[in-house]
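The values are calculated or read from the model by the stated rules, or taken from the named source; none is laboratory data. Treat the numbers as computed from the prediction; the structure is a model and nothing was measured. For neighbour counting, all protein chains shown are included, and Cβ atoms are generated from backbone atoms with ideal geometry for every residue, glycine included. What goes into the accessible areas is simple: the full protein's heavy atoms, side chains included, and nothing from ligands, DNA or RNA. Shrake-Rupley method; radii C 1.70, N 1.55, O 1.52, S 1.80 Å.
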Amino acid sequence: MYLSRGLYVFPNGNKIRRFMIDGKHAKELSEVTFAEQLINFLKIDLDPLKRVLDRLKAQTKENTSLEELMKTFNTIGWIAGNFCVDEPVYSFLLTTVFDGRYAEINHSDELYIFKDQAVNALYHVIHAQAMFFTVADQYCRIEGTHLEKVNRIFTGRETLFKMQLEQIIAHKDVNEKMFYMTRPTLPYNRGYRFENLPDYIWYIFMQVMEYEVGLSQCDYCGHFFIPQTKKKTRYCDRVRTDDGRTCKQIGPQLIYRSKLKHSELLADYDRAINRNYRRVERYELKLENEKEGKDMTYGEYYDWLKELHGAKAAFLAGMISEEEFRGVIHGVD
Ligand SMILES: [Zn+2]
């Protein structure tokens, strides 16, 4: 049986079974929940891809020799192949685009066409992280029920509904390990095939939003997490001090103390997030792509938000001054 290269995903309750198929062989990855996959993607470091994207964008026919362009492709291929070794799904989906195809191209025009495709593919991976981080951050920030939160974040978000998925339906007697029943009572298995990372993450994100999984964001460090208990908690279990104390152990007291002493500054922080988020929303709702005035892209907002989360934790821990924190809060005004 022939299956084209791709990531094949079969939902199994709130978990997914994932198979990487290289065109011949299937390799199953560990089972994860939708929420675990989303949280993992939102925290991976895409800086190496961002740097190489900037380099690639700047390389034109006029200023770059074919040899230099090839070097950049090789760098991208290397980064893609060695990306997040503990979660091979990213590397696999990135190398679908950068699988060395360019090495067989020997015409310069075709190489530049490949370059444009590569720029596009890298941009969409980076954009997906910025967009889903932004939307997930808003989701966690809004007070209310899951339904109210979902309603708020999806309003006016047409771009989130554009995606099309390639559906795979397999009858259970197909003699392939990957089609073993995830729900043994049914005569068929339904799943999806993915060729690129943004589509896959979009699918994951929509599943997380469709069911109430308790997606939360740590008030202290800004990381996403799923609480262990049904009880609402605002702090994650990540270790934050040299002596092994977690956000949950140190966060509440630090936040309480700073709310007493710096309530105006923290209100200023909240206002800045709301203000800048509206700039992103406004830009997304525009039909034309021209940025005007105070418009902000997802990428710009995300870069600022990440810096802000870091600055808040540093400020609460007494590592940076009030002025420095205020500087970041108003860094993109
Ligand atoms: Zn935390």
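Pull out all pairs, ordered by first then second residue, where Cβ-Cβ is under 6 Å, the residues are six or more apart or on different chains, the first lies in segment 178-203 and is of a type in the set (Val, Ile, Thr), and the second is open to solvent by less than 10 Å² (accessible area, probe 1.4 Å).
182/10; 201/41; 201/128
For segment 1-23, what are the residues that are of a type in the set (Ser, Thr, Tyr) and surrounded by fewer than 19 Cβ atoms within 10 Å (Cβ to Cβ)?
Once the filter is applied, which keeps residues that are of a type in the set (Ser, Thr, Tyr) and surrounded by fewer than 19 Cβ atoms within 10 Å (Cβ to Cβ), segment 1-23 yields 2, 4.
Mind checking whether some residue in segment 138-146 is hydrophobic (A, V, I, L, M, F, W, C), closer than 18 Å to residue 21 by Cα and in a loop (DSSP other than H, G, I, E, B)?
Within segment 138-146, not a single residue is hydrophobic (A, V, I, L, M, F, W, C), closer than 18 Å to residue 21 by Cα and in a loop (DSSP other than H, G, I, E, B).
What number of residues in segment 29-58 are outside any helix (DSSP H, G or I) and over 27 Å from residue 214 (Cβ atoms)?
Residues in segment 29-58 being outside any helix (DSSP H, G or I) and over 27 Å from residue 214 (Cβ atoms): 0 in total.
When you scan segment 224-237, how many residues do you find that are within 10 Å of the ligand (Cβ to nearest atom) and either of a type in the set (Asp, Glu) or under 23 Å from residue 205 (Cβ atoms) (or both)?
Count: 5.
Look through 104, 158, 148 and report the one residue that is open to solvent by 20 Å² or more (accessible area, probe 1.4 Å) and at pLDDT 85 or above.
Unique residue meeting the criteria: 148.
Do the conditions hold for residue 192, that is, is it more than 12 Å from the ligand (Cβ to nearest atom), part of a helix (DSSP H, G or I) and either hydrophobic (A, V, I, L, M, F, W, C) or at pLDDT 90 or above (or both)?
no
Between residues in segment 144-160 that are of a type in the set (A, V, I, L, M) and residues that are part of a loop (DSSP other than H, G, I, E, B) and surrounded by 12 or more Cβ atoms within 10 Å (Cβ to Cβ), which pairs lie under 8 Å by C-beta distance while being six or more apart or on different chains?
If the second residue must be part of a loop (DSSP other than H, G, I, E, B) and surrounded by 12 or more Cβ atoms within 10 Å (Cβ to Cβ), the pairs left are 153/142.
Looking only at residues that are in contact with a strand residue (DSSP E or B) (Cβ under 8 Å, 6 or more places away or on another chain) and basic (Lys, Arg) in segment 238-278, which one is nearest to the ligand (Cβ to nearest atom)?
238
Please tell me if residue 67 is surrounded by fewer than 17 Cβ atoms within 10 Å (Cβ to Cβ) and touching a strand residue (DSSP E or B) at 6+ places or on another chain (Cβ under 7 Å).
Judged against the criteria, residue 67 is not a match.
Within segment 203-223, restricting attention to residues that are assigned to a loop (DSSP other than H, G, I, E, B) and away from the ligand (no atom under 16 Å from the Cβ), which residue is least open to solvent (accessible area, probe 1.4 Å)?
Step by step, filter segment 203-223, then rank; the result is 213.
Give the residues of segment 283-300 that are more than 12 Å from residue 131 (Cα to Cα) and of a type in the set (Phe, Trp, Tyr), sorted by residue number.
283
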